[in-house]
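**Student:** One structure, as structure tokens, below. Some questions next.
The values are calculated or read from the model by the stated rules, or taken from the named source; none is laboratory data. All of these numbers come straight from a predicted model, not from anything done at the bench. Backbone-built Cβ (ideal geometry, glycine too); neighbour counts: all protein chains shown. Each accessible area value is taken on the protein alone, full model and side chains, heavy atoms only, with ligands, DNA and RNA left out. Shrake-Rupley method; radii C 1.70, N 1.55, O 1.52, S 1.80 Å.
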Amino acid sequence: RVREAVVSTQSTGVFRWKSLPEREVRRRHGDNSMEVRSPTMAGGLFAMDREYFFELGAYDLGMDIWGSENLEISFRIWMCGGVLEINTCSTIAHVYRRTFPYSSKKDVGHKNAKRLAEVWLDEYKDFFYQISPPARGIDMGDVSDRVELRNRLQCKSFKWFLENVYPEMEIPSKDYIAHGEIRNMGESNRCVDNLGGWKPPTRIGLYACHSQGGSQYWQFDRKTNEIKQSQNFIFCLDAVTESEVQLATCHGQGGNQRWELTKIGELRSNGRCLDHDSTYLKLSPCDGSPKQRWQWSFVFQHPT
């Protein structure tokens, strides 16, 4: 298993588990005791030469408490000449306290992720802000010393990271038809929302648009034509019946999870259109009415 760097699934930079890519399986020649090269890591579970740790810039002292520091140091290791590996024969325990011994009134998640994005993501930071709009207004503090560090270490670009360290990483403009909010054109202040149901089976409906991502952030996958929710992108909109649209585990087999975006903004499944009853989503015969038309925040592949 390998950690995947995702600088934005909901409101902050996070990582998630992914299966080993085929290229890494081939490199290890079936030797399961061999180290695994991983794009990122969990922040509290690593060993590093002390001198190299400080030479590479230690931690970003402008970040608060915790969050995103593991991605920041992961990108820095790879982009500045190092290699990040998982020792498959190691055994590590991570003990959590019952309560955190600290608290903060600041939005440290967005602040830390914004510092990471501004220093290390180059032009790809635009995708971070698209998915996490609240971060734009956060005061991240001064990052000039971290920019100077990157220049002094002669680190490579984030594009290099994506092409050489983790080419499997999905890029919105390349891998999505559209992403962001799905706003109903009949009720322009209401968006598709999971209504607090992050795991299937749960009905999907409409809720006041809040531009915070999270429960209203969706991705329209270019390869499978699935519409995936933001939590971990393994759950999809599924037209289980004509009267009900649910969140279901993505299966990549088409059918009730395959959607088509039309020129006028309809989302069609099996010849019927995504509609609503003011509370929940449903399918209805297509009639071109505003309540059956949907506006995405960002569209990369326009219908022909």
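**Student:** Among the residues of segment 127-180, count how many are under 20 Å from Gly109 (Cβ atoms) and not hydroxyl-bearing (Ser, Thr, Tyr).
**Tutor:** Total satisfying the criteria: 17.
**Student:** Take the residues of segment 240-279 that are in a strand (DSSP E or B) and hydroxyl-bearing (Ser, Thr, Tyr): which is surrounded by the most Cβ atoms within 10 Å (Cβ to Cβ)? Steps first, please.
**Tutor:** Let us first name the residues in segment 240-279 that are in a strand (DSSP E or B), namely 240-241, 244-249, 260-261, 267-269, 272-276.
Filter once more, keeping what is hydroxyl-bearing (Ser, Thr, Tyr): 241, 249, 269.
Values: Thr241: 11, Thr249: 12, Ser269: 22.
The extreme case among them is Ser269.
**Student:** In segment 34-53, which residues are under 12 Å from Ile86 (Cβ atoms), part of a loop (DSSP other than H, G, I, E, B) and either of a type in the set (A, V, I, L, M, F, W, C) or out of contact with any Ser or Thr (no Cβ under 6 Å at 6 or more places or on another chain) (or both)?
**Tutor:** Scanning segment 34-53 gives Met34, Glu35, Ser38, Pro39, Met41, Ala42, Leu45, Phe46, Ala47.
**Student:** Count, please, the residues in segment 150-168 that happen to be of a type outside the set (Asp, Glu), on the phi < 0 side of the Ramachandran plot and loosely packed, with under 14 Cβ neighbours inside 10 Å.
**Tutor:** 6
**Student:** Can you tell me which residue is surrounded by the most Cβ atoms within 10 Å (Cβ to Cβ) among those in segment 15-43 that are polar (S, T, N, Q) and over 18 Å from Trp120 (Cβ atoms)?
**Tutor:** Residues of segment 15-43 polar (S, T, N, Q): 19, 32-33, 38, 40.
When the remaining residues are screened for being over 18 Å from Trp120 (Cβ atoms), the result is 19, 32-33.
Working: Ser19: 11, Asn32: 8, Ser33: 8.
Once the filter is applied, the top-ranked residue is Ser19.
**Student:** Could you please find all residues in segment 190-200 being touching an Asp or Glu at 6+ places or on another chain (Cβ under 9 Å) and at pLDDT below 90? Spell out how you get there, then give the answer.
**Tutor:** Going residue by residue through segment 190-200, those that are touching an Asp or Glu at 6+ places or on another chain (Cβ under 9 Å) are 191-192, 200.
Matches in segment 190-200: Pro200 only.
**Student:** Can you pull out the residues in segment 204-234 that are outside any loop (DSSP other than H, G, I, E, B), hydroxyl-bearing (Ser, Thr, Tyr) and at pLDDT 90 or above?
**Tutor:** Matches in segment 204-234: Tyr207 only.
**Student:** Can you report the number of residues in segment 105-149 which are open to solvent by 30 Å² or more (accessible area, probe 1.4 Å), of a type in the set (A, V, I, L, M) and part of a helix (DSSP H, G or I)?
**Tutor:** Final tally of qualifying residues: 1.
**Student:** Somewhere in segment 71-80, is a residue exposed (fewer than 11 other Cβ atoms within 10 Å of the Cβ), in a loop (DSSP other than H, G, I, E, B) and not β-branched (Val, Ile, Thr)?
**Tutor:** Looking through segment 71-80, none of the residues is exposed (fewer than 11 other Cβ atoms within 10 Å of the Cβ), in a loop (DSSP other than H, G, I, E, B) and not β-branched (Val, Ile, Thr).
**Student:** Something else: From the list Gln212, Gln216, exactly one residue is open to solvent by 60 Å² or more (accessible area, probe 1.4 Å), within 22 Å of Phe128 (Cα to Cα) and in contact (Cβ under 8 Å) with a residue 24 or more places away in the chain. Which is it?
**Tutor:** Residue meeting the stated conditions: Gln212.
**Student:** To continue, here is another question. So, in segment 54-69, of the ones that are of a type in the set (Asp, Glu) and either touching a Leu at 6+ places or on another chain (Cβ under 6 Å) or in a helix (DSSP H, G or I) (or both), which residue ends up nearest to Pro101 (Cα to Cα)?
**Tutor:** Glu69
**Student:** Quick one: in segment 44-64, of everything that is farther than 23 Å from Glu148 by Cα and under 26 Å from the mean Cα position of the chain (by Cα), which residue is surrounded by the most Cβ atoms within 10 Å (Cβ to Cβ)?
**Tutor:** Going through the qualifying residues, I end up with Phe46.
**Student:** While we're here: For the list (1) in contact with a strand residue (DSSP E or B) (Cβ under 8 Å, 6 or more places away or on another chain); (2) modelled with pLDDT under 85; (3) among the aliphatic types (A, V, I, L, M); (4) assigned to a loop (DSSP other than H, G, I, E, B), I need the number of the one condition that Ile92 fails.
**Tutor:** Here Ile92 clears every test but (1).
**Student:** Does Arg50 qualify as being touching a strand residue (DSSP E or B) at 6+ places or on another chain (Cβ under 7 Å), of a type in the set (Lys, Arg) and at pLDDT 90 or above?
**Tutor:** For Arg50, the condition - touching a strand residue (DSSP E or B) at 6+ places or on another chain (Cβ under 7 Å), of a type in the set (Lys, Arg) and at pLDDT 90 or above - is not met.
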